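Encoded as structure tokens, the structure appears first; notes follow it.
The values are calculated or read from the model by the stated rules, or taken from the named source; none is laboratory data. This is a predicted model, so every value here is computed, not measured. Counting neighbours? That spans all protein chains shown, and the Cβs are built from the backbone with ideal geometry, glycine included. Heavy atoms of the whole protein, side chains included, go into the accessibility calculation; ligands, DNA and RNA do not. Shrake-Rupley method; radii C 1.70, N 1.55, O 1.52, S 1.80 Å.
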Amino acid sequence: MKEEIRRNDPCYCGSGKKYKQCHLKIEQAEAKEERAWETAARFLRRDLIAFAREERFAVSFGAGVALFFNDLYTIETAHEMSEPETLRFFDWFTCDFSPADRPRLIEVYHSEKGELMDEKEGVLLDGWLAAGPACAYTLADASGEGKQTLHLESIFDGSEHLVPQSGGPGRAEIGDVLIARLLPFRGRNRISGSAGYLPAQEAVDLKPFILEAWDAFKKDNPDTEWEGFLRRRSYLFAHYELMAAEGAGRPPVARLDPNRPKGQIGRVLRSRR
């Protein structure tokens, strides 16, 4: 197997050269390049959260927390969000939320900081700026080593997406639904922030729930396309998840879980100050 090749063995490509003089160098260069892109993506994620927490956005932050979590979190209790809740909220807050039809926060960030980015950061930021809103996807399959390639299908149009995910499908099983934003990364898509999750049996009413909201939205906004509706109303996915959790007898948010380890509270927000 390729991973068993030693430095002085013949290269697996059949060139006749030693591995260290052939594909080892190529693979090391590729790994270095991948790490550089990962570093750029990690910087952008953290810097966007720091930007979103600036004092000038405090009013929008408070309104956004209450809207996204349907008042189960407020600006006073936001520090109690779990890590997945925090990452998912900030993804929505920066990429979809536009209070009073003002620019999305990522648009403000791009206009103020875009020219300060290095090449990789700039490419990623441009891609994230143009990415679509969060949507719901059925987990159709998970393949590859550790099942780290997710096969996702949109519950609305059936479009298919192959998404690398380092942790694999996690607790999700085939047929379950993930709520996620797909962001471009080096020619492929990645899940942004932390995906929402619905067991298959709890997701059966999600599509009609969203389509009913779409019909109501069109009456007041007849010129708005589907993607524009999702951008404006993607928080409804979170609302459905909250209702599904309550219906199943689970705490809808982490702060209401009596068994939650206290040490988790506020950790993500503190780490990004």
Identify, please: which residue in segment 60-88 is in a loop (DSSP other than H, G, I, E, B) and among the aromatic types (Phe, Trp, Tyr) and is, among those, nearest to LEU178 (Cα to Cα)? PHE69
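Looking only at segment 89-108, which residues are of a type in the set (Gly, Ala, Ser) and either modelled with pLDDT of 95 or more or part of a helix (DSSP H, G or I) (or both)?
At the first step, the residues of segment 89-108 found to be of a type in the set (Gly, Ala, Ser) are 98, 100.
Result: ALA100, single match.
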So which residues in segment 25-38 are free of Cβ contacts under 8 Å to residues at least 60 places away in the same chain and either of a type outside the set (D, E, K, R) or within 30 Å of ALA245 (Cα to Cα) (or both), if there are any at all? ILE26, GLN28, ALA29, ALA31
Give just the number: which of (1) farther than 30 Å from HIS79 by Cβ; (2) in contact with a strand residue (DSSP E or B) (Cβ under 7 Å, 6 or more places away or on another chain) does LYS17 not satisfy? (2)
Looking only at segment 128-146, which residues are in a helix (DSSP H, G or I), surrounded by 14 or more Cβ atoms within 10 Å (Cβ to Cβ) and not aromatic (Phe, Trp, Tyr)? LEU129
Going by the structure shown, is GLU227 in a helix (DSSP H, G or I), open to solvent by 40 Å² or more (accessible area, probe 1.4 Å) and within 21 Å of TYR137 (Cα to Cα)? yes
Which condition does HIS79 not pass, out of (1) in contact with a helix residue (DSSP H, G or I) (Cβ under 7 Å, 6 or more places away or on another chain); (2) open to solvent by 80 Å² or more (accessible area, probe 1.4 Å); (3) farther than 25 Å from VAL253 by Cβ, if it passes all the others? (3)
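Would you mind stating whether CYS22 is touching a Phe, Trp or Tyr at 6+ places or on another chain (Cβ under 8 Å) and either surrounded by 12 or more Cβ atoms within 10 Å (Cβ to Cβ) or touching a residue at least 60 places away in the same chain (Cβ under 8 Å) (or both)? Give the steps one after another, and end with the answer.
Working: touching a Phe, Trp or Tyr at 6+ places or on another chain (Cβ under 8 Å): no; either surrounded by 12 or more Cβ atoms within 10 Å (Cβ to Cβ) or touching a residue at least 60 places away in the same chain (Cβ under 8 Å) (or both): yes.
No: the conditions fail for CYS22.
Using the structure shown, decide if LEU211 is open to solvent by less than 20 Å² (accessible area, probe 1.4 Å) and modelled with pLDDT of 95 or more.
On the way: open to solvent by less than 20 Å² (accessible area, probe 1.4 Å): no; modelled with pLDDT of 95 or more: yes.
The answer is no for LEU211.
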Suppose we filter segment 168-178 for residues that are over 30 Å from PHE43 (Cα atoms) and open to solvent by less than 40 Å² (accessible area, probe 1.4 Å); how many remain? 2
List, please: which pairs have Cβ atoms under 8 Å, are six or more places apart or on different chains, and start with a residue in segment 233-259 that is closer than 24 Å to ASP220 by Cβ and end with one that is β-branched (Val, Ile, Thr) and open to solvent by 50 Å² or more (accessible area, probe 1.4 Å)? none
Expected output for segment 56-71 (first residue closer than 16 Å to PHE237 by Cβ and open to solvent by 30 Å² or more (accessible area, probe 1.4 Å), partner assigned to a helix (DSSP H, G or I) and modelled with pLDDT of 95 or more, Cβ below 6 Å, 6+ apart or cross-chain) is LEU67/TYR235; ASN70/HIS239; ASN70/LEU242
Restricting to segment 148-167, and then to whatever is assigned to a strand (DSSP E or B) and of a type in the set (Val, Ile, Thr), can you tell me which residue is most open to solvent (accessible area, probe 1.4 Å)? THR149
Among the residues of segment 179-193, the number that are touching a Phe, Trp or Tyr at 6+ places or on another chain (Cβ under 9 Å) and either part of a loop (DSSP other than H, G, I, E, B) or open to solvent by less than 40 Å² (accessible area, probe 1.4 Å) (or both) is 9
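Yes or no: segment 109-128 includes at least one residue that is aromatic (Phe, Trp, Tyr), more than 18 Å from VAL177 (Cα to Cα) and modelled with pLDDT of 95 or more.
In the first step, residues of segment 109-128 are kept if they are aromatic (Phe, Trp, Tyr); the result is 109, 128.
Right, trim to more than 18 Å from VAL177 (Cα to Cα) and you get 109, 128.
Imposing the further condition that a residue be modelled with pLDDT of 95 or more reduces the set to 109, 128.
Yes, the conditions are met somewhere in segment 109-128.
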